[in-house]
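> My structure is below; once you've seen it, I'll send some questions.
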Amino acid sequence: MKQSYFPQEIEKKWQKIWEESGAFKTPDTSDKPKYYALSMFPYPSGKLHMGHVRNYTITDVIARFKKAQGYNVLHPMGWDSFGLPAENAAMKHGADPETWTDENIAYMTKQLKMLGLSYDWDREVTTCKPDYYKWTQWLFLQLYKKGLAYKKEAAVNWCEQCGTVLANEQVIDGKCWRCDSVVEKKYLSQWFLKITDYADVLLEDLDKLSGWGDNVKTMQANWIGKSHGAILKFKVVEKDLEIPVYTTRPDTVYGITYLVVAPEYKDIEALTSPEQKSAVEAYRANARKMTEIERLSTDRVKTGVALGTHAINPFTGEKFPLWTADYALAEYGTGAVMAVPAHDTRDFDFAKKYNLPVKVVIQNPESPSDCKQEAYIDPGVLINSGEFNGINNEDAKKLITEKAVKEGFGEFKTQYRLRDWLISRQRYWGAPIPVVYCDKCGIVPVDEKDLPVLLPKDVDFSVVGKSPITTSKTFAQTTCPHCGGPARRETDTMDTFMCSSWYYLRYSDAKNSEKPFDRNLVNKWLPVDQYVGGIEHAILHLLYSRFFTKALRDLGLLDFDEPFKNLLTQGMVLKDGSKMSKSKGNTVDPDEIFENYGADTARLFILSDSPPARDFDWSDAGVEGCYKFLNRVWRLVASNAENISLNFELPLSLKKENDDLVRLVHIAIKGITNDISNDFQFNTVISKYRELTNSIYDWQGKKSVMDDEDKAVLSFAIVSLLKLMSPVAVHLTEEAWHELGGKTSIHSEPWLKWDENLAKASSITLVVQVNGKVKDKLEVDEGLSEAELKQTAMESPKIKELIAGHDIVKVIVVPKKLVNIVIK
RNA sequence: GCUCCAGUGGCGGAAUCGGUAGACGCGUUGGACUUAAAAUCCAAUCGGGUGAAUAGCCCGGUGCCAGUUCAAGUCUGGCCUGGAGCACCA
């Protein structure tokens, strides 16, 4: 065995052997229980970054650990390969997106293999290939048939930079999630998926997801935004019209002093008096011009214009004025708000500015407020509210709504903030939406037998201001599947999040050309047992995938309703305290790490310093330290390889049960197994590797001469260390195993078991406290009774001295651990 | 403003149930080996006090203030700070 560690040589060698022997192929049938470990698949942007390395290493270690524990593990990989960067690159370089994407996939695949990841590449899924997007289109058609996909004209988010519309979830702080430019509103006819039909169940089922972090679950709950309230209707005085209003505060109806409709409110023109017409139109035109950011800024002073008309409060008969103001949102509730300045801060600000009256209807009897300085928004008791005076405002919500229902001017209403998912994109590099438009028949879905609708090749990527797909001479022109007459194809493609909403299902049956997946296989492998990925998908991908799973369950395609049983959201990889990014110039290239230190060092380091969920600060010294540690392990094996001639199998028979090193090995097996099982605490796993390695060196240092039994103990320790390290240092341990005489692969050896009796120190340290402070530590036998422990503690000279002359109030004895003497 | 998460040495972080705070590593300092360096190995490394002492011993210490308890990094209440998400959602 070579005395020095040459990772590059070893790694290349084993990667080749594993690939040729099909070491990581997953059979669909097995006696073992299934385990599905999955990383979020990458966009093939060109090269792996350290975030990828961290993500895939975590999942790989989990997959290998579970495999060793006796599971039939599914651990696949694929490519989320549709999307704008490919198209932009094509425009810039004149290549086509497919070539660019294929080259990137080839390069990144090579990198993934260099990292020693245990993927079953036979199940690889690539969303931009026709054999995949055929089924994305097919699933769209099933959703369409079910009424879950529909087309409508709506105000949508438009990104000028990307030249396409965006889903609400893709607008971050009023800006495009991809290019960060300001998003505008446009009125366009677009395809939507009816995710709002599932709002309630998406919210409720979050409770089922005990294996998800609270942070992700609350983010989703906030996004869905369920609220309970009422619709109240107000009759307009000057016109024969009614304005419905959504409110969560029906208890404040007696405090209404005006009513606001959004500038885009559908009846606004009819509601405007002739005198106010020009002022209202000017205000609306101005609102249209503003960007979302300006309009939604909460620091902005609220503005508005009176419509010159009035409505009646059915509870009081009072007449109040109608206004339009852009703090009312057209898309939420009914687009109209009843304004109660006394009990809502926004209404209060607006009323102050325009001198509108403030009427107090809720009071805290202990400290009444006149609402002159600010709105009173806390709970209280109703006043100035007719028959409801004196009632607690929470109870009044129900009673007042009940009265409105009875009298025919209101109803109870549950409202969600979630909007339908806009999936049309005015871009080329996506799955074409499989519908055609016929002058006679209207919207007609493409026949399933004609799928896939292939992307045209005859396109000009140099066009500006429109989708390249519209330059094809062959694509748009088609015939109607229904009447056979001339028809136009839909030229929009699907949001790439459609493709990624079901890819985890496809891995169960990746080659199926008849169906998206076989029902039995998908039910066998899913749900995913452990999903690992970045927190940035907390809403987007994870919410869409949950929706898809529920919709496909309702379509009868599968039998489960949540796709991901356990979710690990890994932290970011930082360098010098900030996220690695090209613009900051603080990136670290994985290729360089592989070349200088090897993949095992990269894997070890990326897991070592922080728990997976926390951010990880990359440090060059840390990498160096891990490399040194692997060298230290290598030397330990190499310097003993000749000395110990072994033909071992795990587990070894143990002759020297009382040897300290044997105990330390059992302690390590127990600790490492528990740390992995308990939230994948790989950072402590790695410190235990180091502890065991240090212990073996120490033990060896104390033996000047080794007898056969010593050699057996040493080899047991070394081999155990290798097996424990094998999920992380995949190449080094395999090479060492073979050099020591192993005939199989170390990765197919079962995980180690520990003996509970040996997984503890031979004697215990008794901590003796006086009044809760540690005063002495005594080595004692394990078997001592409570009384004996107490006696031992009291007899310690130090303790005797401390308690002399004091009354002993109480003595607490914690078996095998501690004695606390309480004195006065 | 609302919601969630976090706060422990110079740094990353450890600490199943409330029971020895600071594991393991990085860094730093000193030493061994060497002509020298690299590599490797050994030792020290929370703060304060008392010691000639880098020996003992004593005290304080896990963001702040209270509380529960024989015992609190851990539990409870109230704050402060940082991060993330949502945000004119009526």
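> Filter the stretch A:334-391 down to the residues that are of a type in the set (F, W, Y) and over 30 Å from A:D267 (Cα atoms), then identify the one that is least open to solvent (accessible area, probe 1.4 Å).
A:F388
> Go through (1) touching a residue at least 24 places away in the same chain (Cβ under 8 Å); (2) open to solvent by 40 Å² or more (accessible area, probe 1.4 Å) and name the single condition A:K579 misses.
Result: A:K579 fails condition (1) only.
> Hey, can you tell me all the residues within the stretch A:228-248 that are within 11 Å of RNA strand B (Cβ to nearest atom) and open to solvent by less than 50 Å² (accessible area, probe 1.4 Å)?
Those that are within 11 Å of RNA strand B (Cβ to nearest atom) and open to solvent by less than 50 Å² (accessible area, probe 1.4 Å): A:G229, A:A230, A:I231, A:L232, A:P244, A:V245, A:Y246, A:T247.
> I'd like to check something: does the stretch A:72-85 contain any residue that is more than 30 Å from A:E749 (Cβ to Cβ), assigned to a helix (DSSP H, G or I) and open to solvent by 20 Å² or more (accessible area, probe 1.4 Å)?
Yes, because at least one residue in the stretch A:72-85 is more than 30 Å from A:E749 (Cβ to Cβ), assigned to a helix (DSSP H, G or I) and open to solvent by 20 Å² or more (accessible area, probe 1.4 Å).
> Filter the stretch A:182-207 for residues that are at pLDDT below 85, open to solvent by 30 Å² or more (accessible area, probe 1.4 Å) and under 26 Å from the mean Cα position of the chain (by Cα) and give the result.
A:V182
> Of the residues that sit in the stretch A:282-306 and are more than 16 Å from RNA strand B (Cβ to nearest atom) and at pLDDT 90 or above, which one is nearest to A:N384 (Cα to Cα)?
Of everything passing the filter in the stretch A:282-306, A:A306 is nearest to A:N384 (Cα to Cα).
> Also, quick follow-up: Quick one: which residue in A:K406, A:K397 is out of contact with any Ser or Thr (no Cβ under 9 Å at 6 or more places or on another chain) and either part of a loop (DSSP other than H, G, I, E, B) or open to solvent by 10 Å² or more (accessible area, probe 1.4 Å) (or both)?
A:K406
> Do the conditions hold for A:L784, that is, is it without any contact (Cβ under 8 Å) to a residue 12 or more places away in the chain and part of a loop (DSSP other than H, G, I, E, B)?
yes
> What residue, among those in the stretch A:348-380 that are touching a residue at least 40 places away in the same chain (Cβ under 8 Å) and assigned to a helix (DSSP H, G or I), is farthest from the chain's Cα centre (by Cα)?
Restricting to residues being touching a residue at least 40 places away in the same chain (Cβ under 8 Å) and assigned to a helix (DSSP H, G or I), the top hit is A:Y354.
> Hey, any hits in the stretch A:420-443 for a residue that's within 16 Å of RNA strand B (Cβ to nearest atom), touching a helix residue (DSSP H, G or I) at 6+ places or on another chain (Cβ under 9 Å) and open to solvent by 50 Å² or more (accessible area, probe 1.4 Å)?
no
> If you don't mind, there's one more thing I want to ask. Filter the stretch A:570-595 down to the residues that are charged (D, E, K, R) and within 22 Å of A:D60 (Cβ to Cβ) and list them by number.
Of everything in the stretch A:570-595, those that are charged (D, E, K, R) and within 22 Å of A:D60 (Cβ to Cβ) turn out to be A:D589, A:D591, A:E592, A:E595.
> Quick one: in the stretch A:701-754, which of the residues that are among the charged types (D, E, K, R) and part of a loop (DSSP other than H, G, I, E, B) is farthest from A:A23 (Cα to Cα)?
Residue satisfying both the conditions and the ranking: A:K703.
> Mind listing whichever residues of the stretch A:780-818 are within 14 Å of RNA strand B (Cβ to nearest atom), closer than 20 Å to A:K760 by Cα and open to solvent by less than 80 Å² (accessible area, probe 1.4 Å)?
A:V780, A:E782, A:L789, A:V814, A:P815, A:L818
> Out of A:L540, A:L552, which single residue is farther than 30 Å from A:D450 by Cα and either buried (at least 17 other Cβ atoms within 10 Å of the Cβ) or in contact with a helix residue (DSSP H, G or I) (Cβ under 8 Å, 6 or more places away or on another chain) (or both)?
A:L540
> Taking A:D326, is it at negative phi, within 16 Å of RNA strand B (Cβ to nearest atom) and of a type in the set (D, E, K, R)?
yes
> Right, here's the next one. Could you count how many residues in the stretch A:513-534 are touching a strand residue (DSSP E or B) at 6+ places or on another chain (Cβ under 8 Å) and in a loop (DSSP other than H, G, I, E, B)?
Qualifying residue count, the stretch A:513-534: 3.
> Is there a residue in the stretch A:261-269 that is touching an Asp or Glu at 6+ places or on another chain (Cβ under 6 Å) and within 16 Å of RNA strand B (Cβ to nearest atom)?
Yes, some residue in the stretch A:261-269 is touching an Asp or Glu at 6+ places or on another chain (Cβ under 6 Å) and within 16 Å of RNA strand B (Cβ to nearest atom).
> Can you name every residue in the stretch A:609-634 that is among the hydroxyl-bearing types (S, T, Y) and near RNA strand B (Cβ under 7 Å from one of its atoms)?
Result: A:S610, A:S619.
> Does A:T334 satisfy the criteria of being within 16 Å of RNA strand B (Cβ to nearest atom), at pLDDT 90 or above and of a type in the set (S, T, Y)?
yes
> While we're here: Which of the residues spanning the stretch A:148-189 are away from RNA strand B (no atom under 16 Å from the Cβ), of a type in the set (G, A, S) and within 30 Å of A:A510 (Cβ to Cβ)?
A:A149
The values are calculated or read from the model by the stated rules, or taken from the named source; none is laboratory data. This one's a predicted model, so the numbers in the text were calculated from it and none came from an experiment. With ideal geometry, Cβ positions are generated from the backbone for all residues, glycine too; neighbour counts draw on all protein chains shown. The area values use the complete protein model at the heavy-atom level, side chains included, leaving out ligands, DNA and RNA. Shrake-Rupley method; radii C 1.70, N 1.55, O 1.52, S 1.80 Å.
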